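Okay, here's the structure, questions in a sec.
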Amino acid sequence: MIKIEGVSKTFGEGKELFAALKSIDLEVKEGECVILSGISGSGKSTLLSLIAALDRPSSGKIVVDGELISKLPDLHASAYRAKIIGVVFQHFNLLESLSVEENVIIPLINSGLDMPTIHLMAEQAMQRALIQHKSSQDVSSLSGGEKQRCAIARALVHDPKIILCDEPTANLDRENSLKFIEMIQRLHETGKTIIVATHDPLFDKLPFESRIIHMEDGAIGSSSE
Ligand SMILES: Nc1ncnc2c1ncn2[C@@H]1O[C@H](COP(=O)(O)OP(=O)(O)OP(=O)(O)O)[C@@H](O)[C@H]1O
């Protein structure tokens, strides 16, 4: 369902030209859990941002669910994300002065749904992410683990088929990291396609089926089940 063909991404120009991704080929099947591993700077976040259509490749193509997303104009890119993509960003990207629920409903703002439906969907997402008990609390007063669960609820609120997580455990202690992995397992069991970019060794041996793809210097190295 995610087909990446010959994708390269360069930043800058002239002497400053830098190749962050070099001719990546990758297929991710529906319902698969893929771990993108690799040291800092190997291109993991860049690849996730292209799959989320937050940025466009310099060359190559990305097809998701039959739709060519590598050349989508901005408006179509946000519609594509609203339809099937949930993203948990490395630094959560939450609005600190808003409550948990206000943050969680953000992806539904232009959905055309009525407010009771939006509140119900937010409630369900907060329950799934185990943050419902903090729904009216400002994000600024949450702990790191709670902020992460709020970010997960926001990523899940529109029930996306594909969930992309960028270094989701970077700011968490071991206990919260293990809780995060349990949540990924539950999502995996419901058939979601999940891609996690991480260099956390906790993802090397997950208690469920997953595929590890090693990235190195903007290219895909080895792969292991
Ligand atoms: N907008 C940009 N402009 C210039 N260089 C960039 C830009 N975005 C990423 N890069 C460079 O591309 C390379 C890959 O970055 P990327 O963030 O994808 O790595 P990563 O593997 O996710 O690293 P980390 O684990 O530290 O998040 C890095 O060398 C980075 O400096």
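The values are calculated or read from the model by the stated rules, or taken from the named source; none is laboratory data. Every value quoted in this text rests on a predicted model; they were computed, and no experiment measured them. Glycine also receives a Cβ, built like all others from the backbone with ideal geometry; neighbour counts cover every protein chain displayed. Just the protein is used for accessible areas: all its heavy atoms, side chains included, with ligands, DNA and RNA removed. Shrake-Rupley method; radii C 1.70, N 1.55, O 1.52, S 1.80 Å.
I'm trying to understand the selection: among the residues of the range 157-184, which are within 28 Å of S111 (Cβ to Cβ) and more than 16 Å from the ligand (Cβ to nearest atom)?
V157, H158, D159, P160, K161, I162, I163, F180, M183, I184
Residue-wise test of (1) exposed (fewer than 13 other Cβ atoms within 10 Å of the Cβ); (2) in contact with a strand residue (DSSP E or B) (Cβ under 9 Å, 6 or more places away or on another chain); (3) among the hydrophobic types (A, V, I, L, M, F, W, C).
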position	(1), (2), (3)
I51	no, yes, yes
L54	no, yes, yes
I62	no, yes, yes
L72	no, no, yes
L75	yes, no, yes
I84	no, yes, yes
F92	no, no, yes
N103	no, no, no
L108	no, no, yes
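Next up: For residues that are open to solvent by less than 100 Å² (accessible area, probe 1.4 Å) and touching a strand residue (DSSP E or B) at 6+ places or on another chain (Cβ under 7 Å), scanning just the range 29-40, find the one that is farthest from the ligand (Cβ to nearest atom).
Here is the first cut: in the range 29-40, the ones open to solvent by less than 100 Å² (accessible area, probe 1.4 Å) are 31-38, 40.
Of the ones still in play, those that are also touching a strand residue (DSSP E or B) at 6+ places or on another chain (Cβ under 7 Å) are 31-38.
Values: G31: 24, E32: 20, C33: 18, V34: 15, I35: 13, L36: 8, S37: 9, G38: 6 Å.
Per the stated criteria, the residue is G31.
Restricting the search to the range 60-76, which residues are within 16 Å of the ligand (Cβ to nearest atom) and closer than 21 Å to E13 by Cα? Steps first, please.
Within the range 60-76, the first condition is being within 16 Å of the ligand (Cβ to nearest atom), and the residues that meet it are 60, 62.
Listed by number, the list holds a single entry, G60.
Yes/no per residue for (1) more than 15 Å from the ligand (Cβ to nearest atom); (2) in a loop (DSSP other than H, G, I, E, B); (3) more than 19 Å from the chain's Cα centre (by Cα):
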position	(1), (2), (3)
T10	no, no, yes
E27	yes, no, no
S42	no, yes, no
L50	no, no, no
A53	yes, yes, no
S78	yes, no, no
L94	yes, yes, no
N103	yes, no, no
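Given the options I194, I181, I152, name the one that is of a type in the set (A, V, I, L, M), under 20 Å from M1 (Cβ atoms) and either part of a helix (DSSP H, G or I) or touching a strand residue (DSSP E or B) at 6+ places or on another chain (Cβ under 8 Å) (or both). Step through it out loud before you land on a result.
Numbers: I181 fails: under 20 Å from M1 (Cβ atoms); I152 fails: under 20 Å from M1 (Cβ atoms).
Every option except I194 fails the conditions.
Do the conditions hold for A125, that is, is it small (G, A, S), open to solvent by less than 30 Å² (accessible area, probe 1.4 Å), within 16 Å of the ligand (Cβ to nearest atom) and within 23 Å of T190 (Cβ to Cβ)? Explain how you work it out, then say what you get.
Values: small (G, A, S): yes; open to solvent by less than 30 Å² (accessible area, probe 1.4 Å): yes; within 16 Å of the ligand (Cβ to nearest atom): no; within 23 Å of T190 (Cβ to Cβ): yes.
When the stated conditions are applied, A125 does not pass them.
Related question: Just to be sure, is H133 out of contact with any Leu (no Cβ under 8 Å at 6 or more places or on another chain), open to solvent by 20 Å² or more (accessible area, probe 1.4 Å) and closer than 27 Å to E5 by Cα?
no
If you go through the range 14-22 one residue at a time, do you hit one that is more than 30 Å from I181 (Cα to Cα) and either open to solvent by less than 60 Å² (accessible area, probe 1.4 Å) or away from the ligand (no atom under 14 Å from the Cβ) (or both)?
So far as the range 14-22 goes, yes, one or more of its residues are more than 30 Å from I181 (Cα to Cα) and either open to solvent by less than 60 Å² (accessible area, probe 1.4 Å) or away from the ligand (no atom under 14 Å from the Cβ) (or both).
Looking at L202 and the list (1) exposed (fewer than 15 other Cβ atoms within 10 Å of the Cβ); (2) out of contact with any helix residue (DSSP H, G or I) (no Cβ under 6 Å at 6 or more places or on another chain); (3) farther than 20 Å from G43 by Cβ, which single condition is not satisfied?
Every condition holds for L202 apart from (2).
Right, something else. List, please: which pairs have Cβ atoms under 8 Å, are six or more places apart or on different chains, and start with a residue in the range 183-197 that is in contact (Cβ under 8 Å) with a residue 24 or more places away in the chain and end with one that is within 16 Å of the ligand (Cβ to nearest atom) and in a helix (DSSP H, G or I)?
If the second residue must be within 16 Å of the ligand (Cβ to nearest atom) and in a helix (DSSP H, G or I), the pairs left are I195/L48; I195/I51; V196/F203; A197/K44; A197/S45; A197/L47; A197/L48.
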